[in-house]
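Let me begin by presenting the structure, written as structure tokens, before commenting on it.
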């Protein structure tokens, strides 16, 4: 919901409360004085507005369940009155009994609606697509969320609060060129997600006033909506665990998808730079995993075969330690040189053609 729609809605609510207050003040029910009657009307209007705000956050199943329960309860109350009609107290019973039965039916329908299952629909607990996902600023700017959604591994409804879009706009308008490019990339990712057929992107106007920081607002929105937070922010992940909000961390997914190597296995790497310790070389796999190789300092800018000695898993990712066997490398180099010499000798000994 944009700012113009929100302003119009506030104006509509104000006019509704004002008209209800004037109408009740003029009618003066139950013999109330005009000022007191107007105050009662205004109070009823505010209660109706509060009810409307609360109902807007309900899921479709909850609304349908409450409506069915309300109608069923009211019908039962009217049938009860038809069977036990007492004229001496018909005025009071005609109002009280349908209200009580309608309220009871609406409450039961609202609670039991969560256990309903549409035809052909899997239960909510078995389908992660049924749970909405709130995207934070960092994961939008990161961009990998679009690739994951496009591959079909993450589908369903994405919720993007307006305050997240405002933060992206502020980053995109930054004087610093690096921040400006990051903000524009985030806005491009939002447009890319909106064009995907597998996912639905909803821009929501939820803006909790009891939280001032963006991260805390995200957690409050997730609580209200019953959603998960998608992020790659390590600190937000920890805070969400404290608040009891489920988080999908893109970095944790990336770590889980890294290739598994075991000590003793061999692998081929490109030595990029010198390591911190003596005679060490450092290489990187395609997914960014660092490989520290002993006895590889003099092989910088070369591709060599190493033997994995250990694997270290940290919160920041995975590190692989390996060792280059110089004797094996020398034997391989000698064999390569010998093969090249044999080919050259064979060419020299071959008779001329023609």
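The values are calculated or read from the model by the stated rules, or taken from the named source; none is laboratory data. Keep in mind the model is a prediction, meaning the values are calculated, not measured. As a convention, Cβ positions derive from the backbone with ideal geometry for all residues, glycine included, and neighbour counts pool all protein chains shown.
Every residue, every condition in (1) surrounded by 19 or more Cβ atoms within 10 Å (Cβ to Cβ); (2) in contact with a helix residue (DSSP H, G or I) (Cβ under 8 Å, 6 or more places away or on another chain), yes or no:
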| site | (1), (2) |
| --- | --- |
| 181 | no, no |
| 186 | yes, yes |
| 194 | no, no |
| 208 | no, yes |
| 224 | no, no |
| 230 | yes, yes |
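Could you check the stretch 36-45 and list, in sequence order, the residues that are surrounded by fewer than 15 Cβ atoms within 10 Å (Cβ to Cβ) and either within 30 Å of residue 205 (Cβ to Cβ) or touching a helix residue (DSSP H, G or I) at 6+ places or on another chain (Cβ under 7 Å) (or both)?
Of the stretch 36-45, the ones surrounded by fewer than 15 Cβ atoms within 10 Å (Cβ to Cβ) are 36, 43-44.
Within the stretch 36-45, 43, 44 qualify.
List the strands (runs of 3 or more DSSP E) that sit entirely inside the stretch 204-318 and contain at least 2 residues that are within 16 Å of the chain's Cα centre (by Cα), touching a residue at least 40 places away in the same chain (Cβ under 8 Å) and closer than 30 Å to residue 164 by Cβ. Give the derivation first.
On the way: elements: 228-231, 247-249, 266-274, 280-284, 290-294, 303-314.
Hits in the stretch 204-318: 228-231.
Of the residues 49, 55, the single one that is modelled with pLDDT of 75 or more and not assigned by TED's automatic domain parsing to the domain that holds residue 162 is 49. Taking the numbered list (1) loosely packed, with under 12 Cβ neighbours inside 10 Å; (2) assigned to a helix (DSSP H, G or I); (3) modelled with pLDDT of 65 or more in turn, residue 95 passes all entries but (3).
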